[in-house]
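Have a look at the structure below, then the notes.
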Amino acid sequence: MFGYVTIDKPELKFREFDIYRAHYCGLCRELRERYGIPGQLTLTYDLTFVILLLEGLYEPKTLTGKTRCAVHPLIRQPVCKSRITEYAADMNVLLAYYKCLDDWNDEHKIMRRAYAGVLKKGAAKVKESFPEKSRMIVEYLDRLSKLEEQGSSDIDEVSGCFGHLMEEIFVFRHDIWEADLRRMSFFLGKYIYLLDAFEDAPEDQRTGSYNIFSEMYQHDDFSDEAGRMMQMMLSEACRSFERLPIIRHGGILRNILYSGVWTRYRAVLRKRKKEQEKDYV
């Protein structure tokens, strides 16, 4: 995952931030218990969002407590876990494993190949527990890789592959909420793919690597054009989210969907503006 689906901390209430951090720490602890330190290092904000969303929808029994860790060795930190935390930890490791393999196949990053080797055993356990879900994730990743290898310029089709992949992660049960969950996660996944391409566009242009925005990057209004496209994706995701009967964690989830997901986009814009100002000096 990419860490794009996170909170806008200044706009979050103190109590809501404590809840968010407790779930983030709960996922971290669950990864450590199930997959050791290598699994713990795969921790991302994106799966914390999945936990909060699914807990808000299904309201499972949660366990709370406090624990110490390497990051906070002196002060015990609050943690919150549920059955959904276990599920998210499994998906986190599976995605991290395939992301490492993808980095190796695309850019031959030796460290990523080595890390994939470390995660292989854990990923195999997840695939055994979720065979159909794992099969679909691999299928969409393969389709995405083929489109990228072909240099496809079809933004909708390419980003849609990642959108479909995200559907498999978000669908925890096959029930009456599945359709809205799939639609929400599909467009959120497309947004994530586009934002990653938007951030990588200058470097990919320099190295000649594939990027869905290669042609659009030449336009003077590239940032605005890409921003409008991403806004359309998030609008559809939010529309489906609002159809779900979520009360628990509602404030945190809306903070993420309506503001937090734009944090990286704004950071990229600020960085590029500073670089342009340096060029003028």
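Tell me, yes or no, whether segment 5-19 has at least one residue that is in contact with a helix residue (DSSP H, G or I) (Cβ under 6 Å, 6 or more places away or on another chain) and surrounded by 23 or more Cβ atoms within 10 Å (Cβ to Cβ). Within segment 5-19, one or more residues are in contact with a helix residue (DSSP H, G or I) (Cβ under 6 Å, 6 or more places away or on another chain) and surrounded by 23 or more Cβ atoms within 10 Å (Cβ to Cβ). Residues in segment 254-268 that are over 17 Å from Met233 (Cβ atoms) and buried (at least 19 other Cβ atoms within 10 Å of the Cβ): Asn255 only.
For (1) in contact with a Lys or Arg (Cβ under 8 Å, 6 or more places away or on another chain); (2) more than 18 Å from Tyr140 (Cα to Cα), each residue gets a yes or a no:
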| residue | (1), (2) |
| --- | --- |
| Ile51 | no, yes |
| Glu55 | yes, yes |
| Lys81 | yes, yes |
| Tyr87 | no, yes |
| Asp102 | no, no |
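Of Ser145, Ser134, Ser153, all but one fail to be surrounded by fewer than 20 Cβ atoms within 10 Å (Cβ to Cβ), within 30 Å of Ile37 (Cα to Cα) and small (Gly, Ala, Ser); the exception is Ser145. Name the single residue that is nearest to Arg21 (Cα to Cα) among those in segment 240-256 being part of a helix (DSSP H, G or I) and in contact (Cβ under 8 Å) with a residue 24 or more places away in the chain. Result: Ile252.
Of the numbered criteria (1) assigned to a helix (DSSP H, G or I); (2) at pLDDT below 95; (3) surrounded by 18 or more Cβ atoms within 10 Å (Cβ to Cβ), the one Phe172 fails is (1). The sole residue among Arg206, Arg135 that is at negative phi, free of Cβ contacts under 8 Å to residues at least 12 places away in the same chain and out of contact with any helix residue (DSSP H, G or I) (no Cβ under 9 Å at 6 or more places or on another chain) is Arg206.
With respect to being surrounded by fewer than 14 Cβ atoms within 10 Å (Cβ to Cβ) and at pLDDT below 80, Leu74 fits the description. Can you name the residue in segment 183-232 that is among the hydrophobic types (A, V, I, L, M, F, W, C) and in a loop (DSSP other than H, G, I, E, B) and, of all such residues, is surrounded by the most Cβ atoms within 10 Å (Cβ to Cβ)? Across segment 183-232, the extreme among qualifying residues is Ile212.
This table checks each residue for (1) in contact (Cβ under 8 Å) with a residue 60 or more places away in the chain; (2) not in a helix (DSSP H, G or I).
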site	(1), (2)
Leu53	yes, no
Gly56	yes, no
Thr64	no, yes
Glu86	no, no
Leu101	no, no
Arg113	no, no
Glu139	no, no
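The values are calculated or read from the model by the stated rules, or taken from the named source; none is laboratory data. Keep in mind that this is a model prediction, so the values were computed, not measured. Note: ideal-geometry Cβ built from the backbone for every residue, glycine included; neighbour counts use all protein chains shown.
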